[in-house]
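Here's the structure, in structure tokens; my notes come after.
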Amino acid sequence: RVDDVAIFCEGDTTRQEVVNALQKATGNSLEIPNLYELRESGFRVVVVQDINELDTEDCDILLNVGIGTFLKRKVRKAARFGILNCHPGKLPEYRGLKPIDRALEAGDELYATVHFMVRKMDAGPIVKSCRLEHAGLSYPQLRKRMLELQTKVMVDGAIEVLQSGKDMSEYTKQP
């Protein structure tokens with residue numbers, strides 16, 4: 001049975017707010033119900049801010065929250081199922097930086113996409129994608145709503161991977 005989920009994050013204020021929300025959620029808060037569901041399903045959830053603090057020997061999956069740099073192969077291979085990231089854009093169309101801004105400028109819909117992390121940025125197999133309803137929202141409201149959607153979709157994706165037992169090769173590959 002799968003036991004361990006680690007969530008890691010580095011850096012700036014926005015990312016720190018995500019970590020704080022996740023820590024709050026793992027403390028039985030219902031603000032992010034799906035993370036609570038992950039914990040209630042019997043998974044041990046650990047939140048760390050420095051990947052070097054994490055003992056990954058028994059870790060089944062890592063959830064990336066805002067690491068903006070490439071991860072070394074050793075880190076990418078640390079967890080049995082790999083590392084999931086949730087990109088604030090439709091993949092592969094909006095890989096890289098500022099996917100929300102680029103999609104808005106093009107008049108396209110907005111998505112949060114959970115994918116496995118691989119060597120190339122935002123290029124790993126896709127686990128799931130979810131469209132963001134944003135009509136009538138200001139830009140700050142839209143960013144906040146995207147962060148909430150990313151958190152939900154990330155946890156949903158992690159639950160799917162953990163419950164299915166599928167590895168990265170069994171998910172939709174990107175061109």
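The values are calculated or read from the model by the stated rules, or taken from the named source; none is laboratory data. Just so it is clear, the structure is predicted and the values come from calculations on it, not from any experiment. Reconstructed Cβ throughout: ideal geometry from the backbone, glycine too, with neighbour counts over all protein chains shown. Quick note on the areas: whole protein, heavy atoms, side chains included, nothing else; ligands and nucleic acids left out. Shrake-Rupley method; radii C 1.70, N 1.55, O 1.52, S 1.80 Å.
Please count how many residues of the stretch 117-147 are assigned to a helix (DSSP H, G or I) and touching a residue at least 40 places away in the same chain (Cβ under 8 Å). Explain how you work it out, then say what you get.
In the first step, residues of the stretch 117-147 are kept if they are assigned to a helix (DSSP H, G or I); the result is 139-147.
From the residues that got through so far, the ones that are touching a residue at least 40 places away in the same chain (Cβ under 8 Å) too are 142-143, 146-147.
Total meeting the criteria: 4.
Output the number of the condition that LYS128 fails; it satisfies all remaining conditions of (1) charged (D, E, K, R); (2) modelled with pLDDT under 90; (3) touching a helix residue (DSSP H, G or I) at 6+ places or on another chain (Cβ under 7 Å).
LYS128 satisfies every listed condition except (2).
For the stretch 122-138, indicate whether the set of residues that are closer than 16 Å to ASP60 by Cβ, under 17 Å from the mean Cα position of the chain (by Cα) and aliphatic (A, V, I, L, M) is non-empty.
Looking for residues that are closer than 16 Å to ASP60 by Cβ, under 17 Å from the mean Cα position of the chain (by Cα) and aliphatic (A, V, I, L, M), one finds at least one in the stretch 122-138, hence yes.
If I filter the stretch 72-96 down to residues being modelled with pLDDT under 90, aliphatic (A, V, I, L, M) and assigned to a loop (DSSP other than H, G, I, E, B), which single residue comes out as nearest to LYS166 (Cα to Cα)?
That would be ALA79.
For (1) in contact with a Gly (Cβ under 9 Å, 6 or more places away or on another chain); (2) open to solvent by 50 Å² or more (accessible area, probe 1.4 Å), each residue gets a yes or a no:
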{"position": "ASP101", "(1), (2)": "no, no"}
{"position": "GLY107", "(1), (2)": "no, yes"}
{"position": "VAL127", "(1), (2)": "yes, no"}
{"position": "LEU132", "(1), (2)": "no, no"}
{"position": "TYR139", "(1), (2)": "no, yes"}
{"position": "LYS152", "(1), (2)": "no, yes"}
{"position": "ASP156", "(1), (2)": "no, no"}
{"position": "ILE159", "(1), (2)": "no, no"}
{"position": "GLY165", "(1), (2)": "no, no"}
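How many residues are outside any strand (DSSP E or B) and β-branched (Val, Ile, Thr) if we restrict to the stretch 97-116?
Total meeting the criteria: 1.
So which residues in the stretch 108-123 are over 17 Å from MET154 (Cβ atoms) and at pLDDT 95 or above?
ASP108, GLU109
Quick one: is GLN163 at pLDDT below 95, part of a helix (DSSP H, G or I) and in contact with a helix residue (DSSP H, G or I) (Cβ under 9 Å, 6 or more places away or on another chain)?
Against the criterion (at pLDDT below 95, part of a helix (DSSP H, G or I) and in contact with a helix residue (DSSP H, G or I) (Cβ under 9 Å, 6 or more places away or on another chain)), GLN163 does not qualify.
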